[in-house]
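Read the figures in this text as sums done on the coordinates, not as results from a lab. All of these numbers come straight from a predicted model, not from anything done at the bench. Every residue, glycine as well, gets a Cβ built from its backbone with ideal geometry; the counts of neighbours run over all protein chains shown.
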Ligand SMILES: Cc1cc2nc3c(=O)[nH]c(=O)nc-3n(C[C@H](O)[C@H](O)[C@H](O)COP(=O)(O)OP(=O)(O)OC[C@H]3O[C@@H](n4cnc5c(N)ncnc54)[C@H](O)[C@@H]3O)c2cc1C
């Protein structure tokens, strides 16, 4: 019988513990040994509080109880992200987790809305999205599973304390056999013949050997970069923010079921309400503002009393040239980082884990050899995921009319990736949203940001003209009424939280954002 695959996970942040928890739950039992090494002396990044709906599927797949998790991580519900002052100062739109209207005769709803608008209708596209209307009213209820019910037209994510999530996953993983070691890795030994990682030397003197190493060591990329020199594709020419200040503050006012991102003079500010406090941060470009000024601006704009001093973070936007190199797979910040504007990092961690878990059941892996075709396919997949997210983020920065600060002048005039330019051209010409089967961000997300950033199409799908204007007006009115009615019956977000998942434990320091 073959010996078990020895998987060594380096790092115990969100990425490390998500990997450990998933592998311990979904891989074939007895076929691998999982060991995780983390250094409490080094610590974790600890920010990362806003998520995407996909995290629910991840949690469900590995067998986590949602209510328990939410209660233990001080979580609130998230129906989308509000963008304030992005296209023009004074603008506000929500990128919702859900559809706008529904297809009519196979034609996406927004074409009918555009047609009616051209004929004088003044309704806002936001009125056709249940999660937007619910967000504006601070209400929440779980979606329905009946596809005929308007309550089935949305999804939700969480806003939670990422440090508590990692802690939760640690107990979950240890209960499923993951062996944890608190130690600092001081040396990485490569195998002579092929340069694969052979062993890690701990500060205790122990040598840890393994077959597959998962690098979740954060920005430093201990194995993937420091040991294997894989290289990094930098994308700061499109996403010029390279720093953040993070600070929690006391909650004030009702808990909103959405995250807010407000465009500022040198970047943007996040606001993420959790049950016990608010996470805040200023993401900015160091070419446009100093660290001290960013901290001062952030503190002056908090809605409640600051609970700590602002914590600085530095990053380089981009991704590793290969996230799987030899016998090392980099997941989380070690694999790459795209700024948190659309809360995509935890999603990228999740997709790396689930894709890798699928490969780990392949025969090639059972033989402890990694087929180069498998590795290449994995890397292509992850490249595609990063590029999809990149284009979507760049759209927010580029499609702005703001000319009040150097960062916005730069972004408005910058040359954008060809893949994004093509998408925008098609939308401007005839309101067409390029759809793809894999990767993040479906049609409603692109619509939200196009319309929100004032990218206005010149035309719509001519098939929308087939419907009589009076009939179209009636249909649109009916959708608005259904949404209003459903939202009117939802409890307030806070009442729902109190009943569904009140925070179960007093919190210690937790994360700093
Ligand atoms: C400003 C900012 C805001 C963010 N906001 C969001 C958000 O809203 N939503 C979202 O999804 N994501 C967000 N993220 C990303 C999110 O924080 C990360 O994806 C997540 O925390 C994962 O981090 P990690 O586990 O890769 O790295 P880390 O948290 O840095 O963990 C690294 C681990 O490696 C260990 N380690 C390192 N070196 C050694 C060594 N020599 N020996 C032993 N152990 C070692 C450390 O001890 C630690 O356990 C944000 C990131 C930043 C910077």
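Taking Cα pairs under 8 Å and at least six residues apart, what relative contact order does the range 243-313 come out at, in percent? Present the calculation step by step, with values, prior to reporting the outcome.
On the way: 135 pairs, mean separation 31.9, N = 71.
Relative contact order comes out at 45 percent.
If you take every DSSP beta bridge whose two residues both sit in the chain, what share of them, in percent to the nearest 5, is antiparallel?
70
Per residue and in cubic angstrom, what volume does the convex hull of the Cα atoms of the chain have?
Normalising the Cα hull of the chain by residue number yields 156 Å³.
Can you give the angle from 0 to 90° between the axis of helix 14-26 and the longest principal axis of the chain, with both taken from C-alpha atoms, to the nearest 10?
Compared with the principal axis, the helix lies near 80 degrees.
Can you give me the angle between helix 418-430 and the longest principal axis of the chain, using Cα atoms only, in degrees from 0 to 90, rounded to the nearest 10?
In the chain, helix 418-430 runs at an angle near 20 degrees to the longest axis.
How big, in percent, is the set of alpha carbon pairs in the range 1-108 lying more than 16 Å apart? Display every interim value, and only then the final one.
On the way: 4279 of 5778 pairs.
Here the long-distance tail beyond 16 Å is 74 percent of all Cα pairs in the range 1-108.
So how much slack lies between residue 482 and residue 179, counting 0.36 nm per residue of separation and subtracting their Cα-Cα distance, in nm? Mind dumping the intermediate values first?
Values: separation 303, 0.36 × 303 = 109.08 nm, distance 5.19 nm.
Result for the pair: 103.9 nm of gain on full extension.
Could you state, as a whole-number percent, how many of the C-alpha pairs of the range 98-240 are farther apart than 20 Å? Write out the running numbers ahead of the final one.
Details: 7245 of 10153 pairs.
Of the Cα pairs, 71 percent sit more than 20 Å apart.
Using alpha carbons only, how many angstrom separate the centre of the range 237-257 from the centre of the range 110-170?
21
R0 = 45 Å: FRET efficiency of residue 404 with residue 144, Cβ-based, nearest 0.05?
Numbers: r = 44 Å, r/R0 = 0.98.
Result of the calculation: an efficiency of 0.55.
State, to one decimal in nm, how far the label point of residue 456 lies from the label point of residue 152, with both points 7 Å from Cα in the Cβ direction.
3.6
Return 343, 492, 173, 40 ranked ascending by Cβ neighbour count within 10 Å, so the fewest neighbours appear first. If you can, show how the numbers build up before the last one.
Numbers: 343 21, 492 15, 173 27, 40 10.
Lowest count first: 40, 492, 343, 173.
Under the rule of -39500 (n - 2.57) per DSSP H run of 4 or more residues, summed and divided by the residues of the chain, what mean residue ellipticity at 222 nm is obtained, to the nearest 500 deg cm²/dmol? Please list the in-between numbers first.
Numbers: 15 runs with 175 residues, N = 513.
So the helix-based figure for the chain works out to -10500 deg cm²/dmol.
In the range 243-313, what is the volume of the convex hull around the alpha carbon atoms, normalised per residue and reported in Å³?
In the range 243-313, the Cα convex hull volume per residue is 74 Å³.
Could you give the length gained on full extension between residue 354 and residue 236, defined as 0.36 nm per residue of separation minus the Cα-Cα distance, in nm? Working shown, then result.
Values: separation 118, 0.36 × 118 = 42.48 nm, distance 2.81 nm.
Additional length available on full extension: 39.7 nm.
Within a 10 angstrom radius of the beta carbon, how do 445, 144 rank from fewest other beta carbons to most? Before the final figure, lay out the partial values.
Details: 445 19, 144 14.
Going from sparsest to densest Cβ surroundings: 144, 445.
Could you calculate the contour length gain from residue 413 to residue 495, that is, 0.36 nm times the residue separation minus the distance between their Cα atoms, to one decimal place in nm? Can you show the working numbers first?
Working: separation 82, 0.36 × 82 = 29.52 nm, distance 4.58 nm.
Length gained between residue 413 and residue 495: 24.9 nm.
Sorted from fewest to most neighbouring beta carbons within 10 Å, what does the list 42, 456, 483 look like? Intermediate values should be presented prior to the final figure.
Working: 42 15, 456 12, 483 22.
Ranking 42, 456, 483 by Cβ neighbours within 10 Å, fewest first, gives 456, 42, 483.
For the residue pair residue 438 and residue 33, what label-to-label distance in nm results when each label sits 7 Å from Cα along the Cα-to-beta-carbon direction?
3.4
With everything on Cα atoms, drop me the angle between helix 291-300 and the longest principal axis of the chain, reported from 0 to 90° to the nearest 10.
The angle comes out near 50 degrees.
Which whole-number percent gives the relative contact order of the chain, counting Cα pairs below 8 Å spaced six or more residues apart? Don't jump to the answer; show the numbers that get you there.
Values: 996 pairs, mean separation 120.5, N = 513.
Across the chain, relative contact order equals 23 percent.
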